[in-house]
Each structure stands twice: as C-alpha cells, then as structure tokens.
Amino acid sequence: MPETKSKRAAGSFKPVHSPRAFELVCASVREKLLYGELKPGDKLPPERDLALQLNVSRNVVREALRSLEIAGIVALRKGIKGGAFVQEGEASRITQALSDLIILNALSPKDLFEARIMILEMIIDHLFKGGSTLDLSPLQLVVEDTRAATLSGDIARRIECARRFYHELAALVGNRALILTVDSQTEVIQTFLRYRVADMSADTLMKSRDAFMEFMRKGDAEAAKTELRAHLTRVHTSLW
C-alpha cells in the first residue's frame with residue numbers, strides 16, 4: 001500500500017540573512033560595552049587599528065561608527081584629539097523615538113500624556129512608601145527659579161525650569177531608568193510647549209507648584225498626586 005502523505009504540510013522556512021559586515025562591527029562594540037570592557041568617555045582605537053583587529057576594511061569601520069553615532073552610542077570628534085568616544089546615556093534618543101512615533105501616528109499624544117501622569121504618580125507613591133525623610137531642597141530650588149523666571153517674563157528659562165522640576169522629582173527615587181523615561185517624556189511635551197507657554201497663566205503655575213510642594217512636605221501623597229494631575233491636565237489640554 002503506498003505511503004500516504006501527511007495531512008499537515010511542513011511549515012515553510014524564511015530565508016536566512018547574514019548580517020552585514022558593519023553590523024558585526026557594531027555588535028562587537030556593543031558587546032564590549034555590555035561586559036564593561038568599554039565605558040562612557042573611553043576612546044575607541046583609530047579606524048586603521050579597528051580595521052586590522054576586526055579584519056574588515058576601513059570603509060566598513062566608518063560605516064559602523066556612523067551607525068553607532070546615529071544610535072547615540074559614540075560621538076565622532078574631529079581634530080588632533082578627535083576620534084570615536086563612547087557617550088554617556090541620555091534621554092535624547094528616547095525623545096526622538098517618541099517624537100517619531102507621534103509624527104507617524106503610531107502613538108497618540110493622549111497615550112503619552114496618560115503614561116506620563118501615571119509614571120509621575122507612581123514616583124510620588126514610591127517616595128512615601130518607605131516613610132523616610134525626603135530632601136526636597138533641589139525641587140524647591142527649581143520652584144524658586146521658576147518664580148523668578150515668571151516674574152521676569154523669561155519664557156526660555158521658565159521652560160527649562162519645567163524640565164528640571166520633573167527631572168528632580170524623578171531623581172528623588174534614584175532610579176536611572178525612571179529619570180531617563182521622565183526626561184524623554186518631558187522633552188517631547190516641550191517641543192510643543194515652547195510655542196504655547198506664553199499663553200499659560202504664570203500665577204496658576206506658581207500656585208500649583210507651591211501647593212504641590214506643601215503637600216510633599218506634609219507627606220500627603222494623594223493630595224500631591226491630585227495637584228500634579230490637575231496641573232498637567234491643564235497643560236496638556238492647552239496643547240491639544
């Protein structure tokens with residue numbers, strides 16, 4: 001009796017794509033960063049040395065370095081003391097990614113705003129969870145700088161104070177991932193805010209900041225969250 005064919009056909013396989021040479025160079029640099037062999041501030045070997053070590057052409061090395069520069073991993077500097085230097089991690093790359101997602105309609109401003117508020121509320125909850133005394137002086141300093149900026153009508157300084165305010169709030173937790181997340185969200189908002197900040201009441205802003213700080217000093221997390229949410233809702237509503 002002839003052998004019957006299987007009722008279920010074997011799954012098809014997708015073609016295997018070999019990584020390009022410059023991608024392997026990038027992967028090698030990332031691997032050294034992962035294992036601590038390279039750290040922020042370190043200078044990579046010259047192009048010629050890298051090409052010899054990795055057994056690739058200098059053109060491949062240049063393409064890899066450009067790719068790493070775009071990714072924010074290295075900074076390429078010219079001159080006698082130039083070269084490729086490992087960068088410190090910063091929020092700008094996350095900011096650009098979020099901005100691009102909004103431009104491409106893959107992320108709505110409403111979703112970003114809601115996520116921002118939830119993260120900031122989570123930070124406030126965490127700060128009072130342990131019951132330890134908080135050093136609010138860096139945050140209060142930003143509030144006073146904001147007051148001076150509003151009185152002088154310095155819009156650029158006022159925007160910068162807003163960035164610092166949320167940065168210092170996140171910094172109270174001491175979690176680098178949270179700080180980068182908050183910084184990137186704030187920067188995305190500020191790309192729109194800088195065109196509308198003059199329309200926002202300085203008096204309302206300062207009343208909100210002062211109330212928030214008073215609730216924080218009293219350890220009233222719920223009141224602090226309510227005040228922060230009310231302020232951010234006003235800001236977000238004015239933008240869209």
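Derivation of every value follows stated rules applied to the coordinates shown; laboratory data play no part. Nothing here was measured: the structure is a model prediction, and the numbers come from that model. Note that each Cβ is placed from the backbone with ideal geometry, even for glycine, and that neighbours are counted across all protein chains shown.
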**Request:** Sort the range 92-239 into rounded, prolate or oblate with this rule: let a ≥ b ≥ c be the square roots of the eigenvalues of the Cα gyration tensor; rounded if a/c is under 1.5, and if a/c is not under 1.5, prolate when a/b is larger than b/c, oblate otherwise.
**Result:** oblate
**Request:** Taking 7 Å along the Cα-to-C-beta vector as the label spot, tell me the Asp220-Gln140 distance in nanometres, rounded to one decimal.
**Result:** 1.8 nm
**Item:** Modelled FRET efficiency - R0 45 Å, Leu104 with Leu151, Cβ distances, 0.05 increments
**Value:** 0.65
**Prompt:** Going down the list Lys129/Lys207; Lys32/Lys78; Lys110/Lys207; Lys43/Lys78, which pairs span over 19 Å between their C-alpha atoms?
**Reply:** Lys129/Lys207; Lys32/Lys78; Lys110/Lys207
**Message:** Looking at the chain, identify the longest residue range that excludes and avoids all GluC sites (Glu not before Pro) in DSSP loops having at most 14 other Cβ atoms within 10 Å.
**Reply:** 91-240
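Kindly point out which whole DSSP H helices in the chain project their C-alpha atoms 15 angstrom or further along the helix axis while averaging a Kyte-Doolittle hydropathy of -1.0 or above. Numbers along the way, then the final one.
Values: long enough: 21-34 (20 Å, 0.89); 58-70 (18 Å, -0.19); 92-103 (16 Å, 0.76); 109-129 (30 Å, 0.45); 137-152 (22 Å, 0.24); 155-171 (24 Å, -0.25); 176-193 (25 Å, 0.67); 202-218 (24 Å, -0.59); 221-239 (27 Å, -0.34).
Both cut-offs are met by 21-34, 58-70, 92-103, 109-129, 137-152, 155-171, 176-193, 202-218, 221-239.
Summing -39500 (n - 2.57) over the DSSP H runs of n ≥ 4 in the chain and dividing by its residue number, what mean residue ellipticity at 222 nm do you reach, to the nearest 500 deg cm²/dmol?
Details: 10 runs with 155 residues, N = 240.
The helix-only estimate for the chain comes to -21500 deg cm²/dmol at 222 nm.
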**Asked** In nm, to one decimal, how far is the Gln190 label point from the Asn175 one, both placed 7 Å along Cα→Cβ?
**Response** 2.3 nm
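Given R₀ = 45 Å, FRET efficiency for Glu90-Phe13 by Cβ-Cβ distance, to 0.05?
Values: r = 41 Å, r/R0 = 0.91.
In this case the efficiency is close to 0.65.
Run the numbers for Ser67 and Asp42: contour at 0.36 nm per residue of separation, minus the present Cα-Cα distance, in nm.
Extending this stretch completely gives an extra 7.2 nm.
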**Message:** Run the simple label-point estimate for Ala230 and Ala202 please: 7 Å along Cα→C-beta, distance reported in nm.
**Reply:** 2.2 nm
**Request:** List every residue whose amide H lies under 5 Å from the amide H of Leu107, counting only residues 5 or more places away in sequence or on a different chain, with H placed 1.01 Å from N in the peptide plane.
**Result:** Ile102
